[in-house]
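Visitor: Got a structure for you, written out below as structure tokens; questions coming shortly.
Just so it is clear, none of the values below were taken in a lab; they were calculated from the coordinates. Nothing here was measured: the structure is a model prediction, and the numbers come from that model. Here Cβ is always computed from backbone atoms with ideal geometry, including for glycine, and neighbour counts include all displayed protein chains.
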Amino acid sequence: MSPEFLIPAILLTPLIGAVLIALAGRWPNLRETITLVTAASLFGLVTQMIGPILDRETLAVTIVEPLPGLAIAFDIEPLGLMFALLASLLWFVTSVYAIGYMRGNNEPRQTSFYVFFAVAISGAMGVAMSGNLLTLFIFYEMLTISTWPLVTHKRNDAARAGGRTYMGVLLFTSIGLLLPAIIWTFSVAGTLDFTPGGILYGLMSPSSAALLLTLFVLGVGKAAVMPMHRWLPAAMVAPTPVSALLHAVAVVKAGVFTITKVVIYIFGIDFLAEVPLERYLVYLAGFTVVVASLVALKQVEIKKMLAYSTIGQLSYVVMAALVLAPFAEIGAAIHIVAHAFGKITLFFCAGAIYIASKKTRVDQLQGIGLRMPLTMIAFTIGALSMIGVPPTAGFVSKWYIIAGAFQVESYFTLVVLMLSTGLNAAYFLPIVFRAFFRPEEEPPSVDHGEAPWPMVSALCVTALLVLAFFVFNGPVVDIETRILEVAP
Amino acid sequence: MNINELMPFAVLVPLIAAPICALLPGRILPWLTAFFAAASSLAIMSGVLPEAVDAPIRYAFGNWMPPIGIEFRVDAVNAFIGLLVSLMATVILPWARISVNQEIPERQGLFYALFLLAFSGLMGITMTGDAFNLFVFLEISSLSTYALVAMGRSKTAPLSAFRYLIMGTLGATFYLIGVGLLYIMTGTLNMVDLAERIPEVADTRAVQAGFAFIVVGIGVKLALFPLHRWLPGAYANAPSAITVFLASTATKVAVYALLRLVFTVFGVSFATAMPYAEVFMVLGLFGILLPSLWAIEQTNMKRLLAYSSVAQVAYIILGISLLSVTGLASGLVHLFNHAVIKAALFMCVCTVIYQTGSARISAFHGLGREMPLTMIAFVLAGLGLIGVPLTAGFISKWMLIQAAIEQDLWLAVVVILIGSLMAVIYVGKVAEAAWVRSPPEGREPVKEAPIGLLLPMYLLVAATYYFGIDTRLTLDIAMAGARVLIGAGP
């Protein structure tokens, strides 16, 4: 298929799906069928891009050029392909899960939930495929705005407050910091295209480049580098499928994806290596990793704990991208996938526990592993991936990041990774232990087993993906190696 | 008839149609007359614009050659503004018919006659090439606007109209004094002629005072911060159709008059000799920040949008204070884009008023479910106000930021971005009310607006996005107009 057709098709499929879902609102079974068919066809379309990218064909299309030099254009490269594949695959799995969750919980306004979910996925696809910073920014904002109705879905005071923090931080950072950074880039380079090797080499002094990079790192609020992380715990008021797909995969990964793209295709690793102040941003990301883990340690709400864990894991990617070692860049790319599989499993489990038992706190989980064995086994796999233990996906990415840290002898990164591993173990393993080896203190109010089957099957699939990625990561690593190639 | 002779009819047709309208009985006939008058103005202006971009079109009334007689002189700048005004009138009138039926059930002939007078006055200000004639048209449009504002249904409408009248008359008088001073010093009122003669007497106090009088006088009309006090009351209390029309045209035409007088008549070198750029820059910066802040505080939606209008005018003022082609072009393009966006927003709010009878933000609670199309249109147009990419608002803000960066004015860039963030807050406030809050207890269910109100609204929303993607019409003409104004040739 030609890119002129394929790229718009990928963007429009979820949008058309959204319209159809809205029209089918009165018939829930038809509506859910449309969601699943749309998600499946989107994944099918995205896989069509694998072949051309493997064959090193360019998949690019310019839609329109509103201002000279500023175009709405798309250009697929390995990193974006991986992100698009990831988000579309997990959208399908999450849709299955969401059907169980939304029905199991008797949520109101399910139609608008599925509609905005589809719109958000279209935004994520746009971010993944964008060919320049302006296009990326447009879809980045679309993702922010379309997820706001999902965060405020419950419409109570907590949802309103969470929604305000969510929009406040994300829009403040994107308009107040990211947009100026983009404008600055444009005024210096005269272009915003993602170009292998970067577009800023030789056009900026190292100190200006450090300031610009800071604007980017803090301005991409979706990457949740401290102190721009407050929106992520606030977003946990959303229904769990939203937290699972959007606030563990699509939205947050759009953030770290943007930072990785900016480091590789706007600045270029060689240029940033000449910017001495850049290492302070590595320290900031490392600080975020450790502090987020410490905060997670103190959380009692499962979802809040997972949110802080996400903040720490996102900064792994930021830190890996900023270490500027070839292996670490690959590690950053791989960690986007690895963390996505692990964290979505954990969120799925948290939601399943909530639906089956109405429990939301860590200290309520004694003995729950006996009632919900599949869920808790999946939880254990996800937790091991967070810690980075083989045979899980988290081990693969950590391996590359550590290798990268050795390449450039960044011992700071090594220490941070070790500390974080210990802290992750400290807050995940007690849950596993409590669930399987501690007896229930008092019998629960409802005698429950596993959650509805769509949820259980979804979380089993993602848990298997965590294990499978440990074994079959070769092709992904191979293709991501290409992000480091600079055009001759 | 060639285009030169046809051009004055863009003003004359509505002017002549106005008294006819006043005499017509019933509802349909006056409206039809008004609509055809506006549409024929639009048709003429769309023929004039392409010609005027190449070379100015002139028409001398009664064959009295200027500078003795009065002439209409249309170049890229005023053809652009004239097209905007006639376009907005033509789009707003079908929408107005429904809301006017509700608000002014009787004697609609009079209403449409006043509307046409205001419209032809604005068109006249735009087209004329004579400084005194500009005053005449200014008064035609102002007097009819005062009467229109007073026709509002709320009890405070006459008071607002009176305040508007006091401020407006002050402004017009200031303008007249300024023109008088220029006439004493140069002996001419024709703008082109004035431009030739002013440099000889540029150093005199009288001309400098004239400049100050004119700038302050027009500053009142365009609601230049801090001379904006009349605007929120007038917008909030006028009949809905008039609010939409005023918000999208009146201040824009006043900005045009300022541009024409400062740049064409006095010239850039005169303006640089005066502390024009500095004063306007400061007023622009404060005018973005403070009214945006006030907008956030408002609980009446019409007032909220009115303060936002004051802030948006300040963006234009900031752009033209830069005295560069990019800055002027950003001002001109924002003139157009903001007119479209703000008309769409006011239409949404006034449509809610039409259905619920209230402009308070509490009336918007839970409307996202009950009037989804109207509220979605509001958010879509609100994104334009914020300046999100793909909307027309992004184009103007991007141009303005480029113009500021050209002169290394990073403070201005910061202020523009803070202004956008504040727009996020006041647009977000409405979105939150509509979707996250539940309707107040005991409210009767509200129905979605009739299609006749929705269609023009969505036309303008579509235009907001169209002009954010295809900028050939807006940006290219704005650039051409900016070059004309700055004196770099067409």
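Visitor: What length, rounded to one decimal in nm, is gained on full extension from B:F162 through to B:L110, with 0.36 nm per residue of separation minus their alpha-carbon distance?
Guide: Values: separation 52, 0.36 × 52 = 18.72 nm, distance 1.95 nm.
That pair, B:F162 and B:L110, stretches by 16.8 nm at full extension.
Visitor: Please turn the phi angles of the stretch A:3-14 into ³J(HN,Hα) values with the Karplus equation 6.51 cos²θ - 1.76 cosθ + 1.60 (θ = phi - 60°), one per residue in order, whole Hz, x for glycine and proline.
Guide: x, 4, 9, 5, 5, x, 4, 5, 6, 7, 3, x
Visitor: Straight-line reach from A:K253: which aspartates and glutamates fall under 19 Å, measuring Cα to Cα and dropping same-chain residues less than 8 apart?
Guide: The reachable aspartates and glutamates, counting only those whose Cα sits under 19 Å from A:K253, are A:D75, A:E77, A:E141, A:E329, A:E480.
Visitor: Residue by residue through the stretch A:402-412, which ³J(HN,Hα) values in whole Hz follow from phi under the Karplus form 6.51 cos²θ - 1.76 cosθ + 1.60 (θ = phi - 60°), with glycine and proline marked x?
Guide: For the stretch A:402-412, the Karplus curve yields 5, 4, x, 4, 5, 4, 9, 6, 8, 6, 4 Hz.
Visitor: Give, to the nearest whole percent, the P(r) tail of the stretch A:4-163 beyond 27 angstrom, counting all Cα pairs.
Guide: Working: 3507 of 12720 pairs.
Every Cα pair in the stretch A:4-163 considered, those over 27 Å come to 28 percent.
Visitor: Compute the long axis of helix B:372-386 from its Cα atoms, compare it with the longest principal axis of the Cα atoms of chain B, and write down the angle in degrees, 0 to 90, nearest 10.
Guide: For B:372-386 against chain B, the angle is about 40 degrees.
Visitor: Using per-residue counts of other Cβ atoms within 10 Å, averaged over each peptide, order A:338-347, B:323-332 from highest down. Please list the in-between numbers first.
Guide: Details: A:338-347: 29.6, B:323-332: 25.8.
The packing order, highest mean first, is A:338-347, B:323-332.
Visitor: What number, rounded to the nearest 500 deg cm²/dmol, is the helix-based mean residue ellipticity at 222 nm of chain B, given -39500 (n - 2.57) per DSSP H run of at least four residues and division by all its residues? Intermediate results must be reported in sequence, preceding the final value.
Guide: Numbers: 21 runs with 366 residues, N = 490.
Calculated from helices alone, the mean residue ellipticity at 222 nm is -25000 deg cm²/dmol.
Visitor: Continuing with this model, one more query. What are the residues whose amide H is under 5 Å from the amide H of A:A73, where those residues sit 5 or more places off or on another chain and H is modelled from the backbone?
Guide: A:I63, A:G131, A:N132, A:T135
Visitor: Within the stretch B:263-302, which residues have the backbone N less than 15 Å from the label spot 7 Å out from B:S358 along Cα→beta-carbon, could you tell me?
Guide: B:299-302
Visitor: Right, something else. In nm, give the distance between the simple-model label positions of A:L484 and A:V446, each being 7 Å from the Cα along the Cα-to-Cβ direction.
Guide: Using points 7 Å along Cα→Cβ, the separation is 5.2 nm.
Visitor: Step through the table entries A:K222/B:K302; B:K155/B:K252; B:K302/B:K447; A:K261/B:K429; A:K359/A:K398, compare each Cα-Cα distance with 26 Å, and write down the pairs that go over it. Don't jump to the answer; show the numbers that get you there.
Guide: Values: A:K222/B:K302 34 Å; B:K155/B:K252 28 Å; B:K302/B:K447 21 Å; A:K261/B:K429 34 Å; A:K359/A:K398 32 Å.
Table pairs above 26 Å Cα-Cα are A:K222/B:K302; B:K155/B:K252; A:K261/B:K429; A:K359/A:K398.
Visitor: Let me ask you something else. Find the relative contact order for the stretch B:83-173 and round it to a whole percent, using C-alpha pairs within less than 8 Å whose residues are 6+ positions apart.
Guide: Working: 68 pairs, mean separation 21.5, N = 91.
Reported as a whole number, the value is 24 percent.
Visitor: Using only the Cα atoms of the protein assembly as shown, construct the convex hull and provide its projected area averaged over every direction, in square nanometres to one decimal.
Guide: Details: hull surface 162.1 nm².
That works out to 40.5 nm², a quarter of the Cα hull's surface.
Visitor: If you take every residue apart from A:A210 with its C-beta less than 15 Å away from the C-beta of A:A210, what net charge results, scoring Lys and Arg +1 and Asp and Glu -1? Each step should come with its number before you reach the end.
Guide: Details: positive: A:R279; negative: A:E274, A:E278.
Surrounding charge for A:A210 is -1.
Visitor: Follow-up. Skipping prolines and chain starts, which residues have an amide H placed within reach, meaning under 5 Å, of the one on B:L322, given they are 5 or more residues away or on another chain?
Guide: Hits under the 5 Å cutoff: none.
Visitor: Sticking with this one: Stretched out fully, how many nm does the piece from A:R361 to A:L36 gain, at 0.36 nm a residue minus the Cα gap? Walk me through the numbers on the way to the answer.
Guide: Numbers: separation 325, 0.36 × 325 = 117.00 nm, distance 3.14 nm.
That works out to 113.9 nm of additional length.
Visitor: Treat every Asp and Glu Cβ in the stretch A:3-484 as -1 and every Lys and Arg Cβ as +1, leave all other atoms uncharged, and give the resulting dipole magnitude about the Cα centre to the nearest 20 debye. The partial results should precede the final answer.
Guide: On the way: 26 positive and 25 negative charges, 295 e Å.
Here the size comes out at about 1420 debye.
Visitor: Same structure, new question: Whole-Hz Karplus ³J(HN,Hα) for the stretch B:331-343, in order, using 6.51 cos²θ - 1.76 cosθ + 1.60 and θ = phi - 60°, x for Gly and Pro?
Guide: Values per residue, Gly and Pro as x: x, 5, 6, 6, 3, 5, 5, 5, 4, 5, 5, 5, 4 Hz.
Visitor: Would you tell me the mean number of C-beta atoms belonging to other protein chains that fall within 10 Å of each C-beta in B:431-437, as a whole number?
Guide: Counting other chains' Cβ atoms within 10 Å and averaging over B:431-437 gives 5.
Visitor: Turning to a different aspect of this structure: Within 10 Å of each Cβ in peptide A:170-179, how many partner chain Cβ atoms are there on average? Round it to a whole number, please. Spell out each step's value before the answer.
Guide: Values: counts 0, 7, 4, 0, 2, 9, 6, 1, 0, 10.
If you average over the peptide's residues, the count of other-chain Cβ atoms is 4.
Visitor: Loop only by DSSP, 15 or fewer other Cβ within 10 Å of the Cβ. Give me the trypsin sites (Lys or Arg not before Pro) in the stretch A:1-105 that pass, ordered by residue number.
Guide: Working: sites: A:R26, A:R31, A:R56, A:R103; in loops: A:R26, A:R56.
When the trypsin sites (Lys or Arg not before Pro) of the stretch A:1-105 are filtered for loop state and at most 15 Cβ neighbours within 10 Å, A:R26, A:R56 remain.
Visitor: Tell me, B:T90, A:T260 in order of fewest to most beta-carbon neighbours within 10 Å? Walk me through the intermediate numbers first.
Guide: Numbers: B:T90 20, A:T260 25.
Fewest to most other Cβ atoms nearby, the residues stand as B:T90, A:T260.
Visitor: Next question, about the same structure. Taking each residue of B:379-389 in turn, how many C-beta atoms of other protein chains fall within 10 Å of its C-beta, and what is the average? Intermediate results must be reported in sequence, preceding the final value.
Guide: Numbers: counts 1, 0, 0, 0, 3, 0, 0, 3, 2, 7, 13.
Average per residue, whole number: 3.
Visitor: Thinking of the stretch B:275-490 as a set of Cα atoms, what percent of all their pairs are more than 32 Å apart?
Guide: On the way: 4718 of 23220 pairs.
Value for the stretch B:275-490: 20 percent of Cα pairs lie more than 32 Å apart.
Visitor: With r as the distance between the Cβ atoms of B:M274 and A:F287 and R0 = 51 Å, compute the FRET efficiency 1/(1 + (r/R0)^6) and round to 0.05.
Guide: It comes to 0.45.
Visitor: Separate question: If neighbour count is taken as other Cβ atoms inside 10 Å, put A:S41, A:S187 in order from fewest to most. All intermediate terms of the calculation are to be shown ahead of the outcome.
Guide: Values: A:S41 18, A:S187 12.
Arranged by neighbour count, lowest to highest, A:S41, A:S187 become A:S187, A:S41.
Visitor: What spacing in nm lies between the two simple spin-label points modelled at A:N105 and A:S457, each 7 Å away from Cα in the Cβ direction?
Guide: For the pair A:N105/A:S457, the computed spacing is 2.1 nm.
Visitor: At B:L170 and B:W64, where each label point lies 7 Å from the Cα along Cα→Cβ, what is the point-to-point distance in nanometres?
Guide: Distance between label points: 3.4 nm.
Visitor: Collect residues whose amide H, placed 1.01 Å from N in the peptide plane, falls under 5 Å from the amide H of A:L59; neighbours closer than 5 in sequence don't count.
Guide: Long-range HN contacts for A:L59: A:I76.
Visitor: Could you compute the FRET efficiency for B:L473 and A:R279, with r as their C-beta to C-beta distance and R0 at 56 Å, rounded to 0.05? Show your work: numbers first, answer last.
Guide: On the way: r = 49 Å, r/R0 = 0.88.
FRET efficiency, B:L473 to A:R279: 0.70.
Visitor: If you don't mind, there's one more thing I want to ask. Within 10 Å of each residue's Cβ, count the other Cβ atoms and sort A:D75, A:D363, A:D55 from fewest upward.
Guide: Details: A:D75 21, A:D363 11, A:D55 7.
So the ranking, lowest neighbour count to highest, is A:D55, A:D363, A:D75.
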